[in-house]
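Comments concern the structure below.
The values are calculated or read from the model by the stated rules, or taken from the named source; none is laboratory data. All values derive from a computational prediction rather than experimental measurement. Every residue, glycine among them, receives a Cβ derived from its backbone with ideal geometry; neighbour counts consider all protein chains shown.
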Ligand SMILES: Cc1cc2nc3c(=O)[nH]c(=O)nc-3n(C[C@H](O)[C@H](O)[C@H](O)COP(=O)(O)OP(=O)(O)OC[C@H]3O[C@@H](n4cnc5c(N)ncnc54)[C@H](O)[C@@H]3O)c2cc1C
Ligand code: SF4
Ligand code: FES
Ligand code: FES
């Protein structure tokens, strides 16, 4: 699990388009919850993010924060991190540049595109407009925390099945938004409601038709399973 | 299996990596000890840098170095030749001198230990300028210094002489604004040096061209440079050719001795990474009494930069889509203070077909003919511009099929006659068209002893599905399942592949991959028939030795190829191929037609595209899932072009004013028409290549804007000749403004 | 973002005392305006006071029928609150028409009230802009002024629209802003909260330095009122209003008993159209009475080079909204 460290030589990473050559984030549900065994994995975002994961807890900033820094606790995909950050450090950058969780993308850095969407305490937000310090104690779920080992979340599986992307760059954000929407009873299940609710996730490739199909298909599967 | 995998719709082999966030894009790379660059960009569009105040920035936390025109190594320009493999669009190097040619040009580059520190310091750099008057738009350019002849002109017959006195004629001018590609992923470079070897992760549609350009610029051999772009957050043309940031990042990495990541911020994606230029297109068309075209002139001017000549070949389609004996196509450019334009999805054809297909609509009306009828009467049956037959052309069938499915014949031709509650419904159509290109290409295929195949080619998958169709190709020939095939692209250490653009990737790479696969099989047969082989007694070239579904068989006796290799302790049988570009026996083009329904609600001045039916003839479809997706996506982008998209520049100083994703309006989910129906005709074009595929990335956007504009005319009676079709162009009772 | 000091407040008192009357301090709520502007260097706070942990998350019905909203109630939570949906439909609809799902999840009630203009010349950091740099001029008046510039309430010093949708609904409903400051608590009528640009566009609101909004209290809903928000723009979602209307009406048969009309996208502040309301009262429901009121609402509007269409568009927003509500 050196993947989490800020010293990984990314040149060793292989670009095998066929299958993930390695998992950036080795997630195991562990034995920590009965819920894990009974409820479907995708019903457990909340639980997963609170569970003790087998994955080691790193990086950790054990030392006292340097001048001008503050120490925060962030639980990311169930892993607790202690980090020293500057007040102006942005949550998106901390995840990408320090925790090396690069699945969350930056498409504008100004809250305008949705590529950086992730869940904080199960609510979808733009991580580019969030200070890391103000999320001290919060629980963050990123695209890397969605699947359970090799078992994809139904929304991920549906995106793959329906070709709900082209370049894939907006995809993490689309999927995180979709997961939030599907778990939100306040948002209608009809196509127009989904389109409206997802309008903060721009797809410049224009794969909207397939994204909608994927979301609705995942809805069916999640309902069927729960 | 062999027959079905080509043309089937298997899901993407790289799909899992995309849906899990594992697919690595350029800025996802974090080599050891990496520093971050952040640009300082000009805030004037024309002038000279007279001073730089770097004190505050230097003292800013974490700053490592600050580059600018007085602190930048001497480099060389690239000759910028596509044939040589070193093309760029903006030939001027960053920080070359103190001149400013456009707003948003690099004027300094801060390198610091973190992204935030670099950005914070960049904000503290003070720049003073001597400002010159800027040429802010096409009109100003033409007025200030006229036009310069462009390329791609064509003339046949006597268009002028056959215009006056023709039975029906129109003389109209269309304009299209600057559009910005705005791929989701901002341009990014992560550069590192080891001695005099440069390695760079780039969001690139053309790693080989970038390597060539860097080689010329740094004066080091191509073999010392590795450009990698395994995944890219799309480009739509903006990432075909390297832009200044990649040079800046490479220099910063060399000078600081650390890997440097440099991302172009979204606002500068509007300035320093290309755009579709502004165009003005005059269309003069005339027909005889029977509604047959007798004269057609398409004269266009586009804006280019002060540093480079870029021609938007708006008339490229006009010269061959319709039959007309007297035809003139001409292109000119005029210089403005904007960055250098570049190809954007269907360059030339997208703005060109807005003009042509709107004009055809106007011409049909002037001649009193239904626009569908008019097109069927006038479509060319052979390419009159090149005097060649089309290799394969099913535009009539495409038009008729789409019309049928759309319900064109139920259309009441009277303007504004179709109502639905508050809304007026309009139907419009347009043809679409794109050239088919095939270039030379290399590829390497290994059939490996572990039962898998491994394919490499230095082309890219920009989201079009190249990984998958290459795997389909290998699967088709070898019988191996897709899960057994590894495809690697986007790395200059692989055999030379084409840029991912012009819709030519499919037609170019598949033949090379197929040939390399066959070469690998041939090598395998060589091993099998060698002394130590299972078929030592069989003649190597003998047709009786066949490879099928992973088996070598001879006279009913089969051996799995894995056993052939293992038997001789060999790792793999390898094939390398170098295939050639298209010949000139035919005119190779793709065809199609869009039918669009718009709804105009005059009570709230609301315009929506509610339905699109498109039929596309692109030869054989290799992957029905990804192909359909390409056309659907292009329709969305075409709808954006019709409806919203325009980069606005302040006419006083050339400043882009809506250079962000909130105010440069692109379609969002809610704009997706509830019904989009794409018909893929799927007629293999076997004259073009063995797969019969012509490529599908661009054609879907061509004609879309015209189809929308034609539908808007049908609904409202307003002919919008200037894109985008903003609501105010359709509204009544807008008070006049006294200019101050 | 430039460096700043950061402190998290545990109580409104503490927030106010940390902020003090320091002009260089800023409260951080959802951050969707503040961090956006800090990133592009338009706001440069030296001290950020994070108020996200303050206990200001309640929506309460007061005894007098008014509804009190905590400053930190998110736009999403407010839009979905049962009472807001039923009794203040216009507010719920306005909120849901604003920004995007993700942004609304972060954006707070007070932050929304305090959001800043989207004028590109304000945001570019270099053009002359009286709001950013008092006395430097206004690049928008003679510049590009199509989408985010106003026709009502403009001055020769600034023509930027107040971009909020939520505030337009609040202007129609009527509300009071409760603030806590170094000198204690006070209340400000919502309609007085935002200022017209006049000759001092740098002054956008009636807060004194360091004052913290703790609540916005909505007036009691009109009895039997029907209300709705209609937002007109280019694309179908996620865009600031080109013109919008918040309308509340009560009817007696076909007669309009009471009406509230406010406009967005066209004014330099959330725009209450009192005269139009007067014109509607006592009238029969009819297109002509709506049209007349709409014309009155836009009377005195000043068109600029690219936004003259907002005058008829604003009228359309009113007429259609009234038509739908009275149908
Ligand atoms: C891309 C984009 C699109 C948008 N589209 C729309 C739209 O269509 N319609 C719309 O209405 N809005 C839109 N918005 C604006 C959005 O609604 C506001 O940014 C949001 O409401 C601000 O709330 P916040 O909590 O994030 O404020 P913050 O950013 O935290 O604060 C905003 C300002 O208010 C101050 N402040 C915050 N809380 C208090 C308080 N309690 N007391 C005193 N001062 C305080 C801050 O110091 C800061 O100056 C959009 C924003 C973006 C980025
Ligand atoms: S309209 Fe207002 S915000 Fe815009 S430039 Fe003028 S003064 Fe500045
Ligand atoms: S990167 Fe956060 S919304 Fe674009
Ligand atoms: S898949 Fe490319 S932006 Fe959505």
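What to note about this one:
- Scanning segment C:87-117 for residues that are within 16 Å of ligand 3 (Cβ to nearest atom) and in contact (Cβ under 8 Å) with a residue 24 or more places away in the chain returns C:98, C:99, C:100, C:101, C:103, C:104, C:105, C:106, C:107.
- Filter pass, residue B:139 being under 29 Å from the mean Cα position of the chain (by Cα) and not in a loop (DSSP other than H, G, I, E, B): yes
- Options B:204, B:169, B:199; residue that is in contact with a helix residue (DSSP H, G or I) (Cβ under 8 Å, 6 or more places away or on another chain), in contact (Cβ under 8 Å) with a residue 40 or more places away in the chain and either closer than 16 Å to residue B:278 by Cβ or surrounded by 20 or more Cβ atoms within 10 Å (Cβ to Cβ) (or both): B:204
- Hey, residue A:175 within 16 Å of ligand 3 (Cβ to nearest atom), closer than 29 Å to residue B:231 by Cα and assigned by TED's automatic domain parsing to the domain that holds residue A:205 or not: yes
- Members of segment B:201-234 found to be outside any helix (DSSP H, G or I), within 27 Å of residue A:108 (Cα to Cα) and more than 12 Å from chain A (Cβ to nearest Cβ), listed by number: B:202, B:204, B:206, B:227
- Residue in segment C:101-113 that is within 14 Å of chain B (Cβ to nearest Cβ), buried (at least 24 other Cβ atoms within 10 Å of the Cβ) and within 10 Å of ligand 2 (Cβ to nearest atom) present: no
The rows are residues; the columns are (1) touching a helix residue (DSSP H, G or I) at 6+ places or on another chain (Cβ under 7 Å); (2) under 25 Å from residue B:650 (Cβ atoms); (3) in the same structural domain as residue B:211 (by TED's automatic domain parsing).
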site: B:75; (1), (2), (3): yes, no, yes
site: B:83; (1), (2), (3): no, no, yes
site: B:87; (1), (2), (3): yes, no, yes
site: B:98; (1), (2), (3): no, yes, yes
site: B:103; (1), (2), (3): no, yes, yes
site: B:106; (1), (2), (3): yes, yes, yes
site: B:111; (1), (2), (3): yes, no, yes
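- Residue match in segment C:221-239 (condition: under 30 Å from residue C:55 (Cα atoms), free of Cβ contacts under 8 Å to residues at least 60 places away in the same chain and away from ligand 3 (no atom under 16 Å from the Cβ)): yes
- On the stretch given as segment C:56-77, residues that are touching a strand residue (DSSP E or B) at 6+ places or on another chain (Cβ under 9 Å) and either in contact (Cβ under 8 Å) with a residue 40 or more places away in the chain or within 9 Å of another protein chain (Cβ to nearest Cβ) (or both) total 12.
- Residue tally, condition surrounded by fewer than 23 Cβ atoms within 10 Å (Cβ to Cβ) and more than 7 Å from chain B (Cβ to nearest Cβ), over segment A:93-108: 1
- Among residues of segment B:662-697, those that are within 14 Å of chain C (Cβ to nearest Cβ) and in contact (Cβ under 8 Å) with a residue 12 or more places away in the chain, counted: 8
- Qualifying residues in segment B:1-40 (those that are more than 7 Å from chain A (Cβ to nearest Cβ), outside any helix (DSSP H, G or I) and out of contact with any helix residue (DSSP H, G or I) (no Cβ under 8 Å at 6 or more places or on another chain)) - the one farthest from residue B:232 (Cα to Cα): B:33
- Among residues of segment C:129-153, those that are away from chain B (no Cβ under 11 Å) and either more than 20 Å from residue C:194 (Cβ to Cβ) or within 16 Å of ligand 4 (Cβ to nearest atom) (or both), counted: 4
- Residue within segment B:623-632 that is over 26 Å from residue A:211 (Cβ atoms) and within 13 Å of chain A (Cβ to nearest Cβ) present: no
- For segment C:118-128, a tally of residues being within 14 Å of chain A (Cβ to nearest Cβ) and touching a residue at least 40 places away in the same chain (Cβ under 8 Å) returns 3.
- Selected residue [farther than 30 Å from residue B:187 by Cβ and either within 16 Å of ligand 2 (Cβ to nearest atom) or facing chain B (nearest Cβ under 9 Å) (or both)] from A:68, A:78, A:111: A:68
- Count of residues meeting criterion [in contact with a helix residue (DSSP H, G or I) (Cβ under 7 Å, 6 or more places away or on another chain), more than 16 Å from ligand 1 (Cβ to nearest atom) and either over 26 Å from residue B:405 (Cα atoms) or in a strand (DSSP E or B) (or both)] in segment B:658-700: 10
- Filter result for the condition that a residue is within 30 Å of residue B:667 (Cα to Cα), away from ligand 1 (no atom under 16 Å from the Cβ) and outside any loop (DSSP other than H, G, I, E, B), over A:83, A:95, A:101, A:74: A:95
This table checks each residue for (1) at the interface with another protein chain (Cβ under 7 Å from one of its Cβ atoms); (2) modelled with pLDDT of 95 or more; (3) in a helix (DSSP H, G or I).
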{"site": "C:288", "(1), (2), (3)": "no, yes, yes"}
{"site": "C:292", "(1), (2), (3)": "no, yes, yes"}
{"site": "C:295", "(1), (2), (3)": "no, yes, yes"}
{"site": "C:305", "(1), (2), (3)": "yes, yes, no"}
{"site": "C:316", "(1), (2), (3)": "yes, yes, yes"}
{"site": "C:322", "(1), (2), (3)": "no, yes, yes"}
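- Any hit, segment A:114-132, residues being buried (at least 24 other Cβ atoms within 10 Å of the Cβ), more than 7 Å from ligand 3 (Cβ to nearest atom), more than 11 Å from chain B (Cβ to nearest Cβ) and free of Cβ contacts under 8 Å to residues at least 24 places away in the same chain: yes
- Residue identified as touching a residue at least 60 places away in the same chain (Cβ under 8 Å), outside any helix (DSSP H, G or I), in contact with a strand residue (DSSP E or B) (Cβ under 8 Å, 6 or more places away or on another chain) and within 16 Å of ligand 1 (Cβ to nearest atom) among A:200, A:173: A:200
- Scanning segment A:133-166 for residues that are assigned to a loop (DSSP other than H, G, I, E, B) and either more than 9 Å from every other protein chain (Cβ to nearest Cβ) or away from ligand 4 (no atom under 16 Å from the Cβ) (or both) returns A:136, A:137, A:138, A:142, A:146, A:147, A:149, A:150, A:152, A:153.
- Number of the condition not met by residue C:191 [criteria: (1) buried (at least 22 other Cβ atoms within 10 Å of the Cβ); (2) under 18 Å from the mean Cα position of the chain (by Cα); (3) in contact (Cβ under 8 Å) with a residue 40 or more places away in the chain]: (1)
- Unique residue being at pLDDT 95 or above, within 25 Å of residue B:346 (Cβ to Cβ) and touching a helix residue (DSSP H, G or I) at 6+ places or on another chain (Cβ under 6 Å) when the list is B:260, B:264: B:264
- Only listed residue being more than 20 Å from the chain's Cα centre (by Cα) and within 15 Å of ligand 1 (Cβ to nearest atom), chosen from C:143, C:181, C:111, C:125: C:181
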